[in-house]
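The values are calculated or read from the model by the stated rules, or taken from the named source; none is laboratory data. What you are looking at is a predicted structure, and each value in this text was computed from that prediction instead of being measured. Positions of Cβ are backbone-derived with ideal geometry, glycine not excepted, and every protein chain shown enters the neighbour counts. Note: accessible area is taken over every heavy atom of the protein model, side chains too, but ligands, DNA and RNA are not part of it. Shrake-Rupley method; radii C 1.70, N 1.55, O 1.52, S 1.80 Å.
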Amino acid sequence: MVLELKNISKYYGDRKILEIENLKVYENEKIGIVGQNGSGKTTLLNMIAGRIQPDTGEIVHKQNIIYMEQFEEINDQNKDLSGGEKKKETFHKKVLNQNGILLLDEPSSNLDRNGISHIEKELKKYQGTILIISHDRSLLDEFCSAIIEIKDGKVKRYEGNYSKYKLQKEAEIKREEFEYMQYINEKQRLEKAIHVSKNTAKEVRKTPKRMGNSEARLHKRGVENIREKLEGHTNALQTRLDKLEVKEKPQNNQKIYMKYQTDERVKNKIAVNIENLNIKLGDKLLFENASFVVKTNRKTALIGENGAGKTTLINQIINGNYHIKVNSNMKIGYFSQDFTNLDFTRTVLQNVMQDTNQSEMIVKNILANLLFKDKDLEKKIEDLSGGERVKVSIAKILVSDNNLLILDEPTNFLDIESIESLENLLKEYNGTILFVTHDKTFIDHIATDILVIKNHKIVEYEGNYSSYLQYEKERSKKQKSKNENDKLLLDFKLSQITSELATTKDEKRKKELEEEFDELIKLKHLTK
């Protein structure tokens, strides 16, 4: 054991953030920490690192603590580094060649897929204990041996990676639903039995007027005995009802109602058509004769490395470009991180209802599926967290009459539960979506088509991200095999020329062979 938290509690004002009876972490464990925004994940790491103190309890660690915070960046002389490059450099300087318990808060934020893959490889090689907060489910799946969930201030440990944690959670929910139904059935049975017993006691006949005194006494005594027995039975049933262990109804996501003003599908199969697009930013070439289409009623992921031009391309589609033709039937709804579509002085519900023809019931349903509770709907935007603002902004776009949604990094600032809720909503959406994200799992669950920015061009692929990666793997394998065959053929030709050069006496032929030899050598260098 390298770390133990005993009888920990932490309050912010009157609000209890964390209550941990006992949490143990062992040598070389790789543990992911999950929970909704504001649940106390970062507070937990800050307490372990000694940045803040618990109100009660004790934290004991037997190894050095190395802590990389979410927005931490090194001070580097090279100001031209992108956010992702700074993140990688910070990770290397802070983490590599270190020894101890490694605490990481969202180490993959600001990184493209290549950067995230690089972080994954380095974490797998780390010889020590890791506690990591991340909303990247793929990363948590790759190397985590356990998951710690923080919910309602309580901490619960699950063995296995994120996918195994989800399976265990689903099994828990099913068990809770079963136990809740058992509780409801038993409660109803006891309440009915009590009602019948009370009514039966009331209906026991009184002494008839024609009876003699002795008969009346006997009858009255018999009635009282029956009533006593019934009252005893009723009391016993009531005691069982009072002692019945109450089971709370499991909180499941509501059924999604995604009804749109115009359900008509756009007849043209192309939403956006781009031909021979050329874009330069200063001296940097982004696109050169790039051509591709965004198909209607499809969900298309635009992916590429940091700085490849994804946001620039989106801006060109929205603002207009001679080489970009947007279908005249398409109405664009655009989500960006600047929240320009939100009125910060109005409430959540007022913002989402502002420009929609949908009913309040449907709007509330969509907000509920984005994990907003009824009391949250009256909060002003200025009082919300970054993640909550993201969800309100997206909800507003979803209930609009737009039929082409362009979403630029919609999963930023969202916890995993919110990301999964957003996924469910976007799956139900029946219009056209073009979105940018580095979240591999999100792409896999949503995308029907992939657009990849590569070598200043756009590569189109029909299918989800996993099938695209498999396709690229097979293509790379074939290309490697072809290159090896080409090398063998070159070596064979070079061998033939060398043999002929050694034997020929014809000067003209010798010169031709030498020229051919030089060309083949150049070609061989190019194929390395």
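Values computed for the structure shown
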| quantity | calculated |
| --- | --- |
| Point-to-point label distance, Glu275-Gln98, nm (Cα→Cβ direction, 7 Å offset) | 5.4 nm |
| Overall dimensions of the range 420-471 by Cα: Rg and Dmax, Å | 11.5, 35 |
| Part-to-part distance (alpha-carbon centres) for the range 150-199 and the range 488-528, which is given in Å | 79 Å |
| Alpha-carbon Debye profile of the range 455-528, log10 I(q)/I(0) at 0.12 Å⁻¹ | -0.54 |
| Overall form of the range 368-479 per C-alpha gyration tensor (a/c, 1.5; a/b vs b/c) | prolate |
| Taking all pairs of distinct alpha-carbon atoms in the range 330-396, Kirkwood radius in angstrom | 12.0 Å |
| Set Lys325/Lys391; Lys41/Lys164; Lys6/Lys169; Lys62/Lys154; Lys198/Lys249 screened for pairs whose C-alpha atoms are more than 27 Å apart | Lys325/Lys391; Lys198/Lys249 |
| The range 272-372: chymotrypsin sites (Phe, Trp or Tyr not before Pro) in DSSP coil with no more than 15 other Cβ atoms inside 10 Å | Tyr322, Phe344 |
| Cα convex hull volume per residue for the range 134-197 (Å³) | 99 Å³ |
| Sites Asn22 and Asp152, calculated FRET efficiency, Cβ-Cβ separation with R0 22 Å, nearest 0.05 | 0.80 |
| Built amide H within the under 5 Å cut-off of Tyr67, gap 5+ | Leu103 |
| Distance histogram for the range 292-439 (every C-alpha pair counted, 10 angstrom bins, percent rounded to whole numbers) | 11, 42, 35, 12, 1 |
| The range 100-159: mean projected area of Cα convex hull, nm² | 4.5 nm² |
| Proportion of all alpha-carbon pairs of the range 370-411 beyond 11 Å (%) | 69 percent |
| Cα-Cα over 31 Å, subset of Lys156/Lys440; Lys30/Lys440; Lys93/Lys524; Lys10/Lys310; Lys247/Lys380 | Lys93/Lys524; Lys10/Lys310; Lys247/Lys380 |
| Ile133 long-range amide H proximity, modeled H, under 5 Å | Ile33, Leu104, Asp105, Glu106 |
| For the range 81-184, alpha-carbon Rg relative to the globular expectation (2.2 N^0.38 Å, N residues) | 1.34 |
| Packing-based order for 406-414, 278-286, using average beta carbon neighbours within 10 Å, highest first | 406-414, 278-286 |
| Relative contact order (percent, whole number), the range 315-442, Cα cutoff 8 Å, 6+ residue spacing | 32 percent |
| Extension gain from Glu484 to Tyr471, taking 0.36 nm per residue of separation minus the Cα-Cα distance | 2.7 nm |
| Mean residue ellipticity (222 nm) of the chain, computed from DSSP H runs ≥ 4 via -39,500 (n - 2.57), nearest 500 | -14500 deg cm²/dmol |
| Projected label distance in nm at Asp355 and Asn114, using a 7 Å step from Cα toward the beta-carbon | 3.6 nm |
| Heavy-atom surface of the chain, accessible at 1.4 Å and reported per residue (Å²) | 57 Å² |
| In Å, descending, principal axis extents of the Cα set of the range 1-54 | 36, 22, 20 |
| Rule-of-thumb Rg ratio for the chain [Cα; 2.2 N^0.38 Å; N residues] | 1.42 |
| Contact order normalised by residue count of the chain, Cα under 8 Å, 6+ apart, percent | 13 percent |
| Spacing of the two label points (7 Å from each Cα toward its C-beta) at Glu516 and Lys192, in nm | 9.7 nm |
